[in-house]
Amino acid sequence: MEKRKRKRVRGRRPRISRLRRKLLVASAFAVLLLVALLVNLYYVSIVKGPEYARMAQRQWQSSLSLKAERGRILDRNGNVLAESYTTYQVCVNPQAITEDADRERIANILSTLLNVNYESIISKMTKLNPRDGKPYQQVKIKDQVESSVIAQLVTFQENRAISYYSDVKRNYPEGNLFGQLLGFTNVDGDGQTGVELSYNTILSGVDGRQIAETDRDGNEIPGGESSYIAPIAGATIQLTVDTGIEGFLQNALEEAARTNLAKYAYGIVMSPKTGEVYAISSYPTIDPNNPPRADAETLLDLSRQRMVTETYEPGSVFKIVTLAAALDSGAVNDSTSFKCNGYLNVLGQKIKCWRTKGHGSETLAQAVQNSCNPAFMSMALKMGTDKFYEYIYAFGMNDKTGVGIGGETTGTVTHRKYIRDTDLARIGFGQSISCTGMQMVMAVCAAINGGELLKPYYVQDVTASTGDVLEHNEREVVRTVITPGTSAQIRRYLTGVVDSGSGKNAAIPGYSVGGKTGTSQKYDENGNVSSTLLVASFVGFVPANDPEYLCMIIVDEPQVPVVYGSTVAAPYVQQVLKNVLTYYSVPTDRRETAVSVPDVRGMTVEQAVAALKTAGLDATYMETERAAAVQRQSPAPGNMVVRGSPVILYTAWTTFQAEDEEVEMTKVPKLEGKNRINAMDALTKAGLIMDYDRSNSAGTVIMAQYPEGTEVPKGTTVHVEFSGAKTE
């Protein structure tokens, strides 16, 4: 019995052990399952919870962004320059379209009415979401669709398949007026350039939002909870500019550029008393309604406000700074006299006057009227580097003006420790120093307004949609540069430039006008000073004794033959200022006889001179061209000008001769009797260019535009004619 019991006991132990193992395995499995469930619960609720919550919310709640209306931009008179109006964004809901036939029909409708490629619409409608392998819930087809198009789409009653959302489109009622100043926005309504970019945040406002409960198909549930956050419209910006004056300036710039085949023309009209900008533009300009987005290089080039982005050597316009500094420092006075022999010897180097034969003895007033380089070199040298540099910096050279226009840069003023007398002499007449047009024009304002350097500004007020004024600008004096007495002298001398000097083309009947012309050389692609790539400019102001309006025009790389550099810009400044005076009904301050410019085109130069003399006008022309026919004239026929004013005559042979620049001269070689190749070689060796009729270049030279030995600037084009008979 004992044996049996022991056997029985030994037989039970394995069964208990197996049960225990099963319980342990089951418990372990349960624990693992519980851990897995906890991990998954953590992943779903904590890691993916926010995403799933958003997905769920999208299923039972719709959220619509309400675009804020972008603020308006106005001119000084309240005329709208930029505004926004409602357009629509058109979207398709692919999940609501189940049949291929419906998909194709809807794609055809959208393609036809929205002018969007059919295949691109089908592609968007059938594209699958990689997360779930299903079509997207909604895809955008087109932005900024006009309300008239939406009205046509609504007639097809595809409310579940097509959705519409309000959007905002920017409009510029004045077209390309203020193109660079205003800038433009992208398709999302964000500013890209100009005022639109500089004040983007203020103009954008704050978007609103509308939230509503929806069913599984996205339809709003009647009586469901909803919330509405109203958008806040952007602020209104009122500029100091005037649409009328901008039109005058832009027309003049286009005419100057086209007439002179210039690369660019740019300019400004402003108040020298306050620093307010009335007009500013560059030509070619840009229409912000239709900017050339497809060509990034052209878009960037046309968007530049060149008065603040481009630097140049100002040439003789800078003589205003030299004169002001010399008078204010006591280096010269009204009784100072000069003698010009055509050059000034500085440290053994002959620095020439633009008039190579010289001006002879001259008073200070005559030196200013003649724009005599040696006289201004003498002023600079007499002041010395330290004193002259004090005034150069005081007039704002090497500093940004702070006008607030995007892309403003500064020119280059070489540090005084590197300046030798030869450099100082050249700075005296506007070489070896560079600046922007805005820097130069503000220096001129300081010279004529009583001596105060002002901060220019073009934004008057920024007003929030609530009526609160966020920004207000007014006259701001940076520093006093010269005394009021010196400033009065400057005005008097610059009036003489227009009355009796190189600025006669800027004279306006009935008004006193002051001004200064300038021409400077540019550097070619090899870094050498070019005798043909030039920048011509003129700055003028009226009334001269108490300036209210100042205009400066800069013409970059004129490519047509001209007689004097002053002819490229001065007539167009006169045109702008004359229109401004009429526009604002400014009373006259002089009694002068005005005459109408006769039409002398088609006459020979000799006949034109006689006709102009009969009309009481002078003529500017090249003596060697008396027999040539006049092709163009400036001022144009019909313009009213002061009696005795010059009219510039252009012929097919007119050669470029820049005023106010140092020109290297050369002599015309013997050409008569030479064949084409030998004549070209002789002219090339002398630094001249041969012009001839390609259809009649056989034989030998029988006539040359200039007689042998005539001194002309290097780079001059010389027209020759051939006998037409071949030589042996």
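Cut-off 11 Å, label point 7 angstrom out along Cα-to-Cβ of ALA627: give me the residues of the range 682-705 whose amide nitrogen falls inside. It comes to 703-705, nothing else.
What you get for the range 243-592, charging only the Cβ of Lys and Arg (+1) and of Asp and Glu (-1), is a dipole of about 1420 debye around the Cα centre. In this structure, SER723 and ASP599 have a Cβ-Cβ separation that, at R0 = 41 Å, corresponds to a calculated FRET efficiency of about 0.70.
Computed from the C-beta positions of SER465 and THR112, the FRET efficiency with R₀ = 25 Å rounds to 0.05.
Summarising the overall dimensions of the range 243-592 from its C-alpha atoms, the Rg and Dmax are 19.7, 70 angstrom. Remark: ARG676, ARG21 ranked as ARG21, ARG676, counting other beta-carbon atoms within 10 Å and listing the fewest first.
Per-residue extension of 0.36 nm, minus the Cα-Cα distance of ASN678 and PHE156, leaves a gain of 179.9 nm for this segment. Cut-off 17 Å, label point 7 angstrom out along Cα-to-Cβ of ASN77: give me the residues of the range 263-293 whose amide nitrogen falls inside. Residues 269-271, 277-280 qualify, since their backbone N sits under 17 Å from the label point. If you fit an axis through the alpha-carbon atoms of helix 2-42 and take the longest principal axis of the Cα set of the chain, what angle between them do you get, 0 to 90°, nearest 10? Orientation of helix 2-42: about 30 degrees from the principal axis. Since only TYR706, TYR264, GLN631 are under comparison, the one whose Cα sits farthest along the positive direction of the charge dipole of the chain, derived from C-beta charges on Lys, Arg, Asp and Glu, is TYR264.
Take every Cα-Cα pair in the range 593-646 and report what % of them are more than 19 Å apart. Value for the range 593-646: 18 percent of Cα pairs lie more than 19 Å apart. Each of ALA679, GLY437, LEU253 was scored by the projection of its Cα onto the charge dipole of the chain, and the greatest displacement toward the positive side belongs to GLY437; charges sit on the C-beta of Lys, Arg, Asp and Glu.
Here is how the number arises for the chain: DSSP H runs of 4 or more residues each give -39500 (n - 2.57), the sum is divided by the residue count, and the result at 222 nm is -10000 deg cm²/dmol. For LEU33, LEU649, LEU688, the sequence from fewest to most other C-beta atoms within 10 Å is LEU33, LEU688, LEU649. Rounded to the nearest 10 degrees, the angle from helix 100-114 to the longest Cα principal axis of the chain is 20 degrees. Rounded to the nearest 10 degrees, the angle from helix 437-448 to the longest Cα principal axis of the chain is 50 degrees.
Bridgeable lysines around LYS142 (alpha carbons under 23 Å apart, same-chain partners fewer than 8 residues away excluded): LYS67, LYS124, LYS127, LYS134, LYS169. Rounded to two decimals, the Cα-based Rg/Rh of the range 325-376, with Kirkwood Rh, is 0.98.
Taking label points 7 Å from Cα along the Cα-to-Cβ direction, THR582 and GLN95 give a separation of 6.7 nm. Summed over all non-identical Cα pairs, the Kirkwood treatment of the chain gives a radius of 31.3 Å.
List the trypsin sites (Lys or Arg not before Pro) within the range 105-154 that fall in a DSSP loop (any state other than H, G, I, E or B) and whose Cβ has at most 11 other Cβ atoms within 10 Å. When the trypsin sites (Lys or Arg not before Pro) of the range 105-154 are filtered for loop state and at most 11 Cβ neighbours within 10 Å, ARG131 remain. Listed from fewest to most Cβ neighbours within 10 Å, the set LEU347, LEU253 follows the order LEU347, LEU253.
Since only ALA544, PRO292, THR356 are under comparison, the one whose Cα sits farthest along the positive direction of the charge dipole of the range 243-592, derived from C-beta charges on Lys, Arg, Asp and Glu, is THR356. Counting charges near THR401 (Lys, Arg +1; Asp, Glu -1) among other residues having Cβ under 15 Å from its Cβ returns a value of -1.
Note on LYS273: lysines with a C-alpha under 22 Å away, same-chain residues under 8 apart excluded, are LYS319, LYS400, LYS455, LYS516, LYS578. Annotation: amide H-H contacts under 5 Å for THR700 (H modelled 1.01 Å from N, sequence separation of 5 or more, or interchain): SER723, GLY724, ALA725.
Taking 7 Å steps out from each Cα toward its Cβ at THR409 and GLN144 produces label points 3.0 nm apart. For the chain, the Cβ-based charge dipole about the Cα centre amounts to some 6100 debye (Lys, Arg positive; Asp, Glu negative; other atoms uncharged). Estimated from the Cβ-Cβ distance and a Förster radius of 41 angstrom, the FRET efficiency linking LYS613 and ASP589 is about 0.90.
Every read-out reported here was derived from the displayed coordinates using simple, explicitly stated rules and does not represent laboratory data. As the structure is a computational prediction, the values presented were derived from the model and not from experiment. Don't worry about glycine lacking a Cβ; one is built from the backbone with ideal geometry, like all the others, and counts go over all protein chains shown.
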